[in-house]
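The values are calculated or read from the model by the stated rules, or taken from the named source; none is laboratory data. Keep in mind that this is a model prediction, so the values were computed, not measured. In this analysis, Cβ positions are derived from the backbone assuming ideal geometry, glycine residues included, and neighbour counts consider all displayed protein chains.
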Amino acid sequence: MIALHRENVRVFAPATVANVGCGFDIFGFALNEPGDEVRLQVTDNPGVSIAKISGDGGLLPYQAQHNTAGRALQSMLDTLQADFGLEVEIRKKMPIGSGLGSSAASSVAAVFALNALLKEPLSNERLLPFALEGERIAAGGALHPDNVAACLYGGFVLIRDKSTYDIINIPTPPDLYCAVVHPRIEIITSEARKMLKNQLPLQQAITQWANVAGMVIALMTSDYDLLRRSLHDEVAEPDRAVLIPHYEALKKAALQKGASGFGISGSGPSVFAFCKGLPLAKKVGAAIRSVFQENEIGNEVYISDINKQGPKIISG
Ligand code: HSE
C-alpha cells in the first residue's frame, strides 16, 4: 500500500529548449518562464480524471489516456499499485507546437506533483519513464527525451543514452542568459522530424561532434567566444530553418547585437540566443522581436537564465 504525505499539491514545470544548436536530440536546458502548472487532488475513485484545462490548452483532450499529463499519471499510479485516484487541473502557459517543450512541461509537472504527494518520493531517475509515457502522445511514436529530461532535472542536460536514461547535468556559466522568442505559428515536431535526412556525410558529422565537444567545454569554462564558434548545427537547422519565417534575418540580428550563438528551440518555431548577462539578453531579445514585428508576425519574448531547479511546488 502506497502511503501519502498530503492530499493535494500545485506544481510548476518549466519550458525547455531542446537540441541547443549542435546537440540534436542530446542537449536541452530549462527556462524560468513560461511553464505549465498542474494541480492534483487525491480522490477515492481509482484512475485519473481531468477536471479542468485552462490557458493555452484549449484543444487538449480531457480523456486521461489521450492527455500527456493524464497518461503520465496513469502509468505512475499503475506502477505504484495505488488504491486512490487523482483529479487533475492543468494550466498551460505556452501553446503546443511552440518548440518550448509544452507537452514535456505538462507531463513533468504531473509526475512531479504526484511524487510530492508520496510519503516516500521517487528519484528523478525513476520519475523520468513516467513523464516519457506522457510525452509519447506528443511524439507520435519516436521518443526523444531531451525536453522531458531538461524539464525534470533542471539546468543544462546531456542525454548520453536515452535507452538507459543516462542523463548528465552540464555546468553552465552563472551569467549565461537566454533570449527566446516564440512567433505565433505552430510546428508539429513529428512533421519537422520527417524533414530530416537519415544520413550525414562524414565531413559534416566530424564538424558536428567537434562543435558538440566545443560547446561542452565552452559551457564548463565560461568561454563565450568558444560558445559562439561552436553553436552551429549541421543536422537539423539546414533542413528546418525554412519552417521559420525570416530565419536568416533573425540569426543575423541576434549575432550582430552580440549574442553568443543562435538556433532553433527544439523543432521550432521558437528561436533562442545565448547571451552573456541579462542586459545583453534583453537587447538581443528585442532585436529578434523587431524582425518578427517588421514582418507582422505576432510573438512573445522570454528572457531567462538557466533554470537549475526544474519543477517546483507552488502550493499544497
Ligand atoms: N529533439 C527533438 C527534435 C525534439 O528536434 O525533433 C525537440 O523538441
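Scanning the range 97-126 for residues that are among the aliphatic types (A, V, I, L, M) and either surrounded by 19 or more Cβ atoms within 10 Å (Cβ to Cβ) or in contact with a strand residue (DSSP E or B) (Cβ under 8 Å, 6 or more places away or on another chain) (or both) returns Leu100, Ala104, Ala105, Val108, Ala109, Ala110, Val111, Ala113, Leu114, Ala116, Leu117, Leu118. Out of curiosity, is Asp166 within 16 Å of the ligand (Cβ to nearest atom), of a type outside the set (A, V, I, L, M) and either free of Cβ contacts under 8 Å to residues at least 60 places away in the same chain or surrounded by 21 or more Cβ atoms within 10 Å (Cβ to Cβ) (or both)? No; evaluated as a whole, the condition is false for this residue.
Please verify whether Thr68 is polar (S, T, N, Q), in contact (Cβ under 8 Å) with a residue 12 or more places away in the chain, crowded, with 19+ Cβ neighbours inside 10 Å and more than 18 Å from Asn307 (Cβ to Cβ), treating the condition exactly as stated. For Thr68, the condition - polar (S, T, N, Q), in contact (Cβ under 8 Å) with a residue 12 or more places away in the chain, crowded, with 19+ Cβ neighbours inside 10 Å and more than 18 Å from Asn307 (Cβ to Cβ) - is met. Quick check: is even one residue across the range 305-313 touching a Leu at 6+ places or on another chain (Cβ under 8 Å) and of a type in the set (Gly, Ala, Ser)? Among the residues of the range 305-313, at least one is touching a Leu at 6+ places or on another chain (Cβ under 8 Å) and of a type in the set (Gly, Ala, Ser), which makes the answer yes. Within this structure, Ala109 passes the test of being outside the structural domain of Val301 (by TED's automatic domain parsing) and within 22 Å of Phe27 (Cα to Cα).
In the range 129-145, the residue that is nearest to the ligand (Cβ to nearest atom) out of those that are buried (at least 23 other Cβ atoms within 10 Å of the Cβ) and more than 13 Å from Ala105 (Cβ to Cβ) is His144. Within the range 12-25, residues that are assigned to a strand (DSSP E or B) sit with their Cβ atoms under 7 Å from residues that are aromatic (Phe, Trp, Tyr), at 6+ positions apart or across chains, in these pairs: Ala13/Phe112; Thr16/Phe29; Val17/Phe29; Val17/Phe272. If you go through the range 244-267 one residue at a time, do you hit one that is of a type in the set (S, T, N, Q) and assigned to a helix (DSSP H, G or I)? Looking for residues that are of a type in the set (S, T, N, Q) and assigned to a helix (DSSP H, G or I), one finds at least one in the range 244-267, hence yes. Here Ala259 meets each of (1) buried (at least 17 other Cβ atoms within 10 Å of the Cβ); (2) within 16 Å of the ligand (Cβ to nearest atom) with one exception, condition (2). When we screen Leu219, Leu152, Leu158 for residues that are of a type in the set (A, V, I, L, M, F, W, C), more than 16 Å from the chain's Cα centre (by Cα) and either buried (at least 17 other Cβ atoms within 10 Å of the Cβ) or in the same structural domain as Ala273 (by TED's automatic domain parsing) (or both), the only hit is Leu219. Ala105 satisfies every condition listed in (1) touching a Leu at 6+ places or on another chain (Cβ under 7 Å); (2) within 16 Å of the ligand (Cβ to nearest atom) except (1). The criterion of at least 3 residues that are within 23 Å of Glu33 (Cα to Cα) is met by the following helices (runs of 4 or more DSSP H) wholly inside the range 116-203: 124-139, 146-153.
Could we say that Gln65 is at positive phi and over 18 Å from the mean Cα position of the chain (by Cα) here? Here the answer is no, as Gln65 does not meet what is asked. With respect to being buried (at least 21 other Cβ atoms within 10 Å of the Cβ) and within 29 Å of Leu158 (Cα to Cα), Val48 falls outside the description. Scanning the range 16-39 for residues that are under 20 Å from Asn124 (Cβ atoms) and more than 11 Å from the ligand (Cβ to nearest atom) yields Phe29, Ala30, Leu31, Asn32, Gly35, Asp36, Glu37, Val38.
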